[in-house]
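First the structure, then my questions, so here it is.
The values are calculated or read from the model by the stated rules, or taken from the named source; none is laboratory data. Everything numeric in this text was worked out from a predicted model, so none of it was measured. Quick reminder, even Gly has a Cβ in these numbers, built from the backbone with ideal geometry, and neighbours come from all protein chains shown.
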Amino acid sequence: MLIDQTEFDERIQSNRLRLAWVGMSNSGKSTCTRILTRQSGFKSFEVDQAINQSLEIQSMEQAARWMGYPFEADYPANRARYLELEEIHTRVDVPPLGNFVLDTTGSIVYGSEELRRWIGETFLVVGMKVSPTLAEILIRDYFAQPKTVIWGDEFSVAADETGIEAIKRCFPVLMANRTKVYSEMADLEIDAEFVRNSTLTDTNLLAKIREKLPAYCD
């Protein structure tokens, strides 16, 4: 739902601005959600929290253990269950009044076309753009502290590889493929390094989003 700068201002003032973040895990989506909620009074919904509640999962570590690795026997069933819950919880009932932000999961790229179309029609979609340098950091952080990761067709195990070795080889491919889809979904993109900065404020964030919008839409 691309809007111009004037409509962006009008929507904020009338409490009708609806934002949705898309991007990799740890790219800054939840940070931005917390900032707008605490500093600007936005209402919000974090999809990964809703999924974990449905699964009675209490922490990121527990979620990673539940999902497992793509080479493990339970992974296909757990992946299917996770995506089923994601489809349900992402399509949240947006309140008619109040500025609102939807914090999607990194695996929104595997959502149905209908779901992704609904997001695009309902929200101004902001993509978190990950630079090659930050991508290397995110990959390193994943192996230091595993998280729930949904794989599409990116994962394969060669004859001479262990499962973990295959993940290390395939993870950059996963990131590259997701980055392409995030960009296609987004109405605009902001640098993940910008939003991951500890000095970020609601004013800085909203100004950056506004800056990326066209001055006028036909």
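If Cys170 meets every condition in (1) of a type outside the set (Gly, Ala, Ser); (2) more than 22 Å from Pro132 (Cα to Cα); (3) in contact with an Asp or Glu (Cβ under 7 Å, 6 or more places away or on another chain) apart from one, which number is that one?
Cys170 satisfies every listed condition except (2).
Residues to consider are Tyr110, Tyr82; find the one that is among the hydroxyl-bearing types (Ser, Thr, Tyr), more than 21 Å from Lys212 (Cβ to Cβ) and at pLDDT 95 or above.
Just one listed residue meets the conditions, Tyr82.
Whether any residue in region 125-143 is modelled with pLDDT under 95, assigned to a helix (DSSP H, G or I) and of a type in the set (Gly, Ala, Ser) is what I want to check.
Checked region 125-143: at least one residue is modelled with pLDDT under 95, assigned to a helix (DSSP H, G or I) and of a type in the set (Gly, Ala, Ser).
In region 173-213, what residues are assigned to a helix (DSSP H, G or I) and polar (S, T, N, Q)?
Asn177, Thr179, Ser183, Thr203, Asn204
Which condition number in (1) touching a residue at least 40 places away in the same chain (Cβ under 8 Å); (2) in contact with a helix residue (DSSP H, G or I) (Cβ under 8 Å, 6 or more places away or on another chain); (3) surrounded by fewer than 16 Cβ atoms within 10 Å (Cβ to Cβ); (4) of a type in the set (A, V, I, L, M, F, W, C) is the one that Ile164 fails?
Among (1) touching a residue at least 40 places away in the same chain (Cβ under 8 Å); (2) in contact with a helix residue (DSSP H, G or I) (Cβ under 8 Å, 6 or more places away or on another chain); (3) surrounded by fewer than 16 Cβ atoms within 10 Å (Cβ to Cβ); (4) of a type in the set (A, V, I, L, M, F, W, C), Ile164 violates only (2).
Of the conditions (1) touching a residue at least 40 places away in the same chain (Cβ under 8 Å); (2) among the small types (Gly, Ala, Ser); (3) crowded, with 19+ Cβ neighbours inside 10 Å, Ala63 satisfies every one except a single condition; which number is it?
Answer for Ala63: the failing condition is (3).
Among the residues in region 99-113, are any assigned to a helix (DSSP H, G or I), in contact (Cβ under 8 Å) with a residue 60 or more places away in the chain and surrounded by fewer than 16 Cβ atoms within 10 Å (Cβ to Cβ)?
No, region 99-113 has no match at all.
Checking Thr31 against (1) touching a Phe, Trp or Tyr at 6+ places or on another chain (Cβ under 8 Å); (2) closer than 14 Å to Leu206 by Cα; (3) among the β-branched types (Val, Ile, Thr): exactly one of these is not met. Which one?
Exception for Thr31: condition (1).
Take the residues in region 1-10 that are in a helix (DSSP H, G or I) and touching a residue at least 40 places away in the same chain (Cβ under 8 Å), then tell me which one is surrounded by the fewest Cβ atoms within 10 Å (Cβ to Cβ).
Thr6
When you scan region 105-128, how many residues do you find that are among the polar types (S, T, N, Q) and over 17 Å from Asn177 (Cα atoms)?
Number of matching residues: 1.
Does Thr122 count as hydroxyl-bearing (Ser, Thr, Tyr) and more than 26 Å from Gln13 (Cα to Cα)?
When the stated conditions are applied, Thr122 does not pass them.
Provide a single number: the residues in region 19-53 that are of a type in the set (A, V, I, L, M) and over 21 Å from Arg65 (Cβ atoms).
Qualifying residue count for the region: 5.
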